[in-house]
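Comments concern the structure below.
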Amino acid sequence: MSNVKNRHPIPPEIRRACLILGLRAEDVTTETVMHTWERKLLLDSEIEDGDDDSAWFMNAAKDALVIWLEATS
């Protein structure tokens, strides 16, 4: 399956990053990544006993998606 916008194949690690942030790989844009990442971090910080690992995974997913989007545009 390929990305409809730019016709690049979607690597498994990008699909995984999308799953972490709750996004569809076929519809992902830099704006949706940043908005979703920020919203999820805020929600996670409101939980008193939030897991530090989840913030790390969300940051890594955001970075991977932004880098991939810039490389394929």
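In table form, for the structure just shown:
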read-out: Label-to-label distance, nm, for residues given as Arg15 and Asn59 (7 Å Cα→Cβ offset); value: 2.8 nm
read-out: Cβ-based exposure ranking for Ser73, Ser54, in which fewest neighbours within 10 Å come first; value: Ser73, Ser54
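Throughout, read-outs are computed from the coordinates displayed, never taken from laboratory work. A quick note: this is a predicted structure, and the numbers were derived from the prediction, not measured. Backbone-built Cβ (ideal geometry, glycine too); neighbour counts: all protein chains shown.
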